[in-house]
Amino acid sequence: MSYIPISPKEREAMLAAIGVKSLDDLFEAVPAAHRFPKLDLPPALTEMEAASELAELAAANESTRDLVSFLGAGMYNHYIPSVVDHILRRGEFYTAYTPYQPEISQGTLQAIFEYQSLMTALTGMEVSNASHYDGATAAAEAVNLAWAQFRGKRTKVVVSPTVHPQYRQVIRTYTQGMELELADETGAGLESDPAALAEQVDANTALVIVQYPDFFGRVYDYTQLIETAHEKGALVCVVVNPTALALFKTPGEMGADIVVGEGQPLGIPMWYGGPSLGFFTTRKKFVHKMAGRLVGETVDNRGQKAYVLTLTAREQHIKRERATSNICSNQGLLALASAVYLSLVGKSGLRQVAESCYHKAHYAAEQLSQIDGVGLCFSEPFFHEFALCLPVPVEEVNAHLLEHGILGGYDLGQDYPSLKDHMLIAVTEMNSKEEIDALVEVIAEVAHD
Amino acid sequence: MNAPANLKYTKSDEWFDPATGKMGLTDYAQGQLSDIVFVEILVEAGDAVEAGTAIASVESVKASAEIYASAGGSAVAVNESLADAPEVLNSDPYGAGWMVQLENGAPGEVMDAAAYEAYCAEREH
Amino acid sequence: MTELILTEEAKVVEPTIFDLSSPGRTGVTFPDPDVPRAELPDSMLRADLPLPELAEVDVVRHYTRLSKFNYSVDDGFYPLGSCTMKYNPKINEDTCRLPGFLFTHPLQPIETVQGNLALMHTLQEWLKEISGFAAVTLQPAAGAHGEFTGVLIMRAYHKSRGDDKRVKMLIPDSAHGTNPASSGMIGLDVVQIPSDARGNVDIEALKAQCDDTVVGIMLTNPNTLGMFDEHVEEVIKIVHDCGGLVYGDGANLNALLGIVRPGDLGIDVMHFNLHKTFAVPHGGGGPGSGPVGVAAHLADFLPAPLVGILEEGDDELAPLFGFVTPEKSIGRMKAFHGHFGGGLVRAFTYIVMHGPDGLKDIAQYAVLNANYVQARLRGVYPIPYDRICMHEFVAEGRVEGTDVRALDIAKRLMDYNFHPPTNYFPLIVHEALMIEPTETENKDTLDRFADVLIQIAEEAKTDPDLLKSAPHNTKFGRMDEVKAARELVLCCWLPEDYSNQ
C-alpha cells in the first residue's frame, strides 16, 4: 500500500528534468557503505489487512467499556459528547499546521483564542497559553516560568508531597540541569494541612506547587498559604482538576500566580494516557515569561477582526537558547476538543458533571467505610476521589475486583510507603449506583475473607 | 539612522553618554528590531555593571535581543518606565529610551559617532 | 500600497463562542445522580461559573464555520519546509479510535492492556530497525520534547563517567531553534558552528571548538538547507574523538527511510517526529509524538518506563509485555506512556501498511519531488546552495530588479490556493523560502506550483504592489501584528451584564 500519486512515466519525466537516470542516483551524497540498508520489517499490508490487525490488537485489551472502572489518579473516565469527535474529524482542523500564516488559519486561531478564554474563565486567571503536552509538563513549565522570573536568583522550589507522584518525577527530570533545590518530602506531612507547607517557604523560594484537589482528592483552601508565600516573595502554582473547578472556588480567587492542569477530563479520551492536554494559565504580568504559543486579537488590513500568534519573540524559534522553554508542537487539536466540550456542556452541563461526580463519590465513600476494617484515610472534604484504608493488600483486592469485571483503584503504597494497603478510588458520572454497590460488595467479601 | 555626536557606540549597537553615564540601544538597533513590545532591565540600582555584560532583554514583534553594557561602573538608576512603554525605544532611543545610568562609568570597547555611522552603513549592504 | 477596506456588511464575521452565548440555552445535559445527594462544603464553592451557554446546533455550526477559515493538507498543497506536511491517511483516524485503544486507562493492570503493550513493543522494535539504534523510548510528546530527552541523556552519560567539565553544545548555524533552546533548558553553553559554501558543517570551525568541554553536537542531517552533509562521517568522528556525543535531529528523517540509518552513521541519539515522517496529523499545532532512539552505550539512560517482555512466549502462548526501568534512567518526561492513541497507533498503522520497500519509496519520492521543483525553479529564484537536494531545498525569495521580499511571494501564493513555503528560515539564507513538497504530491500539482511561482516572479516585475498587498483572494488579509502585541487582548469573556438568573 502506498500513498504516492506518481506514475512510472511521470517519474521518468521528472528524473529527466532533474538530469539523473534513476531514483538511486539522487542519493550519492550518502556514504556508500551504509546506503540502502535492508530493513527487517514485515512486508506491507493492505488497508483491509491493517484494519484487521489493529482491530485484533485493540481487542486484546479490556477497556473501561468492558470493565467497570474506579481508576483515576490523573486520568478520568468521563462521558464525551458525540459532537466533540465530529469536529475533531474535520480535515480542515486536524490536517492543518501550526497557524503561522494567519490569513488562512483563522479557524485554528479563533478556536485557540476561545480555548484560552474558556480556560481563564474556568481557573479564574487572566491569561492562558495555547497548551502544553500534559498536566505534568505544564507543572514543570511553571518551574521554568518562576526560574526565568527570578532570573535564577531564587533557587528553591517547594512541591507539596500531595502533588501527583508522576508530576513530581517530571518536575525533577526537567529541572536536573538547574541549580535547584526541590523540597518534596513524601514520607511526612500527608495528613497535615497546607500550613505545614508554608513553613518550608523562605526568601530563597521561587515557587510553591500544590494540587487542588490534591492527589488524594482532598479540597483545601490555599488562600492562607498563598498569602504567606507572597509575603516571602515566592510565586504559587496550583495544579488543578478542571472538572472540580465547576464546583469549587478557583485558585484565581485564592490568589494563585499560575494555575496548570491536565485537560483530559474536558472531552478527551483516556487513550491509554495520551495524547491529552496540559493547560497553563497565569497573571498578565507573567505573560512574557510564560512558555508556549499565545493567540491575540487584532485586525487585518481590510478592517476585519482577526487573530494571530503573538509575542512570538519569547519562543524558541526566535529566542533560541535564551527562551524560557523549547516547546514548539503543543496539543492544538486537543485544545480544540476541550473548547468544543466546554462550549457544548456549558455552564450548566459542567456543573452537572461535577456534582454527579461529587455525589457518587461520596455515596461510594460512605458505603465503603461501613465495611468492617475498611475506612476513609482522611477526613477533609473531597471531590471525586478518596483514599481508602483496607485490611488486606491493594493488589489482592484489585485481583478479586477484576474477577468481577471491576477495575479497582490506584495502589497508593507504590508511591507512599506510609500508605501501604491504601487504595485511591475515583468515581465519575459514568459510574452507576449499581456499579458502586457491586464495588462495595466485592470489597466487603475480600475484607471478610 | 541617527547617531548623536556626543555619544559613544559599541559594535553591538548600544550607546553610552559620558556626560550623564546613561546607556541604551541605538537608533539603528531599534530600526532593525522594528516594533519593540517588551523590555526587561536585568540590573538593579546598586549593582556593579561590567562592560559587555547583558543589562537588558528586548523583544519586538519579530525579533529578540540582549542589550549589553556599553560601559562599566556602578548602576545608580534604571529606567523603570520602559516596562510599561517599550515603544519609547523605537520613538526616542537616545532620550526617554535610556536603560541604565552609571556613576563613574568607564566605556568599554566603543567608537565615536562617525565611526559608528560608517559601521552601520557597511552593514546595510 | 493598495488596501481594501471592507464595508461592515462585507466583513467575514464569526462571533466568539462567548458572543454567541444566550442565557438559559443548553447543549448536552447529563442524568441526575442516581445516588442520594451529599452535602456540599459551602465555604469552598464557587459563586459563578462564567462559561457560555449554547445549544448543540450553535456549537456545531460555529466550529464548522471556523473550520472553513483554515487551509489544510486535505485542501491542497502544503510545501512547508522542515514540517513534512504529507497526506494523512484516513484509515489511521479509524484505527486510533478503536474502542480498545480509546477507552483504556494508563494505570490499568498490564494483564488487561496486552494489546496496547504489544503495539508499543513492536513499534519500539520497528523504530530501532528503521533508525539503526539499540533502544527506543516512546515517551516524549513531540520533537522538542524528544530533543530535551536527548540532551538530558547526553548530559547524564558524561556525568555518569565523572566527566563533569563538559558544558558546551555545538550547534550548526542552520539548526532549528529548538536545538539551542533544548540545550539552554539544562544550562549548557551553546556554540554556533558555521556552514561552508556547499551547505555542510564547516570542518575547520568545528575542529576549533572540539575539546574536552564538549557535551556533543546537535546535527540535523539532511540539514535545514535540504542538503545531506557530505562530510557527515568526518563530523561525527571529530566530535567522538574529543569525547563528545552526536545528537541527530530527526526532523528530516523522511528523506532517509530505507536510504541510510542514522545509527549506522555513528549518531548516538536521535528523536523521531512521528507527526512528520510517519504521517501523524499536525492537528493545527499538535499533538506531535517524539520517540527517541539511542545507541547501546546510552540505553541505560532512557526515561522510564520502557515496554519490555516480562515473560517470553512460545508457540502457544503470547509473551507477557510490561514495563521496565532502565538502570540509570534520567527520569520521566511526562505523565504516563507517551502519545499512545494519537501518535503511536497512527504511526504503527502507517508503518505496517508500508513495509520495508514502501518506506524506501517514501524517501525516494520525497527527494524526487523536491529535486523536480528545484529544477523547475532554477534560474527564476536564486538557489544559494544548488546541488542535488534531499526532501527539501531553499530558494531566495527575491526577484532581480525589484524590492519584493520572500514574505510577499509567500502571501501571493495564497491567492493561488497554495500554502506558502516556510519563510525566513533557515536564518543563514537571505529571504529564505524553504520548500518541502513531500512524496504525496503528484506531478501536476508540482508543475502548477512551479508555474505559479514563475508567474509571481513576473508579477513582481510588472506589478509589485500586487504582491506587497497580497493575499487578495483569501477570506482574511494581512494582520496588524503590532496591534496584537501592544494591546495584548488574549481572551474574551461573557459580557459584564450577562446573567441567566
### Summary
So, first residue surrounded by 21 or more Cβ atoms within 10 Å (Cβ to Cβ) in segment A:49-65, second residue at pLDDT below 95, Cβ within less than 9 Å, six or more apart or across chains; the pairs are A:Ala50/A:Met1
### Task
Inspect all residues belonging to segment A:258-271 and state whether any of them is more than 10 Å from chain C (Cβ to nearest Cβ), over 24 Å from C:Gly338 (Cα atoms) and among the aliphatic types (A, V, I, L, M).
yes
### Query
Just a yes or no: is a residue in segment C:430-451 touching a residue at least 12 places away in the same chain (Cβ under 8 Å), more than 30 Å from A:Tyr115 (Cβ to Cβ), aliphatic (A, V, I, L, M) and in a loop (DSSP other than H, G, I, E, B)?
no
### Task
Have a look at C:Pro464, C:Pro421 and point out the one that is crowded, with 23+ Cβ neighbours inside 10 Å and at pLDDT 95 or above.
C:Pro421
### Summary
Per the filter on segment A:366-412, residues among the charged types (D, E, K, R) and either over 24 Å from C:Pro33 (Cα atoms) or in contact (Cβ under 8 Å) with a residue 40 or more places away in the chain (or both) are A:Asp372, A:Glu380, A:Glu385, A:Glu395, A:Glu396, A:Glu403, A:Asp411
### Query
Do we find that C:Leu453 is at pLDDT 95 or above, over 18 Å from C:Cys83 (Cβ atoms) and away from chain A (no Cβ under 11 Å) in this structure?
yes
### Summary
Residues in segment A:262-291 that are surrounded by fewer than 24 Cβ atoms within 10 Å (Cβ to Cβ) and among the hydrophobic types (A, V, I, L, M, F, W, C) total 2
### Task
Kindly state which helices (runs of 4 or more DSSP H) lie completely within segment A:173-275 and contain at least 3 residues that are under 20 Å from the mean Cα position of the chain (by Cα).
none
### Task
Can you confirm whether segment C:480-495 contains a residue that is within 14 Å of another protein chain (Cβ to nearest Cβ), closer than 29 Å to A:Thr108 by Cα and β-branched (Val, Ile, Thr)?
yes
### Query
What residue, of C:Val191, C:Val214, is out of contact with any helix residue (DSSP H, G or I) (no Cβ under 6 Å at 6 or more places or on another chain) and over 24 Å from A:Leu180 (Cβ atoms)?
C:Val214
### Extreme residue, surrounded by the most Cβ atoms within 10 Å (Cβ to Cβ), among residues of segment C:16-44 that are touching a residue at least 40 places away in the same chain (Cβ under 8 Å) and not hydrophobic (A, V, I, L, M, F, W, C)
C:Ser21
#### Entry: Test result for C:Ala470, in a loop (DSSP other than H, G, I, E, B), under 29 Å from the mean Cα position of the chain (by Cα), at the interface with chain A (Cβ under 10 Å from one of its Cβ atoms) and among the small types (Gly, Ala, Ser)
yes
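Listed here are the residues, each with its yes/no results for (1) assigned to a strand (DSSP E or B); (2) crowded, with 16+ Cβ neighbours inside 10 Å.
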{"site": "B:Ile67", "(1), (2)": "yes, yes"}
{"site": "B:Ser74", "(1), (2)": "yes, no"}
{"site": "B:Pro86", "(1), (2)": "no, yes"}
{"site": "B:Ala114", "(1), (2)": "no, no"}
#### Entry: Scan of segment A:291-334 for residues that are touching a residue at least 40 places away in the same chain (Cβ under 8 Å), in a loop (DSSP other than H, G, I, E, B) and over 28 Å from A:Pro269 (Cβ atoms), ordered by number
A:Thr324
### Summary
Matching residues in segment A:93-106 (under 16 Å from A:Thr298 (Cβ atoms) and either more than 7 Å from chain C (Cβ to nearest Cβ) or not in a loop (DSSP other than H, G, I, E, B) (or both)) number 6
#### Entry: Among the residues listed as C:Ser174, C:Ser183, the single one being of a type in the set (S, T, N, Q) and either in contact with a Phe, Trp or Tyr (Cβ under 8 Å, 6 or more places away or on another chain) or assigned to a loop (DSSP other than H, G, I, E, B) (or both)
C:Ser174
### Query
Applying the selection to segment A:329-352, what residues are surrounded by fewer than 24 Cβ atoms within 10 Å (Cβ to Cβ) and either touching a Ser or Thr at 6+ places or on another chain (Cβ under 7 Å) or among the hydrophobic types (A, V, I, L, M, F, W, C) (or both)?
A:Ser348, A:Gly349, A:Gln352
### Condition met for C:Asn254 (part of a helix (DSSP H, G or I) and either surrounded by 22 or more Cβ atoms within 10 Å (Cβ to Cβ) or at pLDDT below 95 (or both))
yes
#### Entry: Subset of segment C:336-360 [of a type in the set (A, V, I, L, M) and either surrounded by fewer than 14 Cβ atoms within 10 Å (Cβ to Cβ) or in contact (Cβ under 8 Å) with a residue 24 or more places away in the chain (or both)]
C:Leu344, C:Val345, C:Ala347, C:Ile351, C:Met353, C:Leu359
### Task
Can you tell me which residue within segment C:98-128, out of those that are more than 7 Å from chain A (Cβ to nearest Cβ) and of a type in the set (A, V, I, L, M, F, W, C), is surrounded by the fewest Cβ atoms within 10 Å (Cβ to Cβ)?
C:Ile110
### Query
Given the conditions (1) small (Gly, Ala, Ser); (2) surrounded by fewer than 24 Cβ atoms within 10 Å (Cβ to Cβ); (3) modelled with pLDDT of 95 or more, which single one is not true for A:Gly177?
(3)
### Task
Can you give me the number of residues within segment C:45-67 that are within 30 Å of A:Phe383 (Cα to Cα), at the interface with chain A (Cβ under 7 Å from one of its Cβ atoms) and of a type in the set (A, V, I, L, M)?
5
### Query
Is there a residue being over 20 Å from the mean Cα position of the chain (by Cα) and either crowded, with 22+ Cβ neighbours inside 10 Å or within 9 Å of chain A (Cβ to nearest Cβ) (or both) anywhere in segment C:140-150?
no
### Query
Can we say A:Ser105 is within 30 Å of C:Pro31 (Cα to Cα) and either at pLDDT below 95 or buried (at least 21 other Cβ atoms within 10 Å of the Cβ) (or both)?
no
### Query
Quick one: in segment A:368-386, which of the residues that are more than 20 Å from C:Arg37 (Cα to Cα) and aliphatic (A, V, I, L, M) is nearest to the chain's Cα centre (by Cα)?
A:Val374
### Message
Looking only at residues that are at the interface with chain C (Cβ under 7 Å from one of its Cβ atoms) and in contact with a Lys or Arg (Cβ under 9 Å, 6 or more places away or on another chain) in segment A:297-307, which one is farthest from C:Ala470 (Cα to Cα)?
### Response
A:Glu297
### Query
Which residue, of C:Ala47, C:Ala55, is among the small types (Gly, Ala, Ser) and free of Cβ contacts under 8 Å to residues at least 24 places away in the same chain?
C:Ala47
### Query
Among the residues of segment C:29-43 satisfying the criterion of being at pLDDT 95 or above and within 42 Å of the chain's Cα centre (by Cα), which is farthest from the other protein chains (Cβ to nearest Cβ)?
C:Pro31
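The values are calculated or read from the model by the stated rules, or taken from the named source; none is laboratory data. Computed from a prediction, not measured in an experiment: that's the story for all the values here. Reconstructed Cβ throughout: ideal geometry from the backbone, glycine too, with neighbour counts over all protein chains shown.
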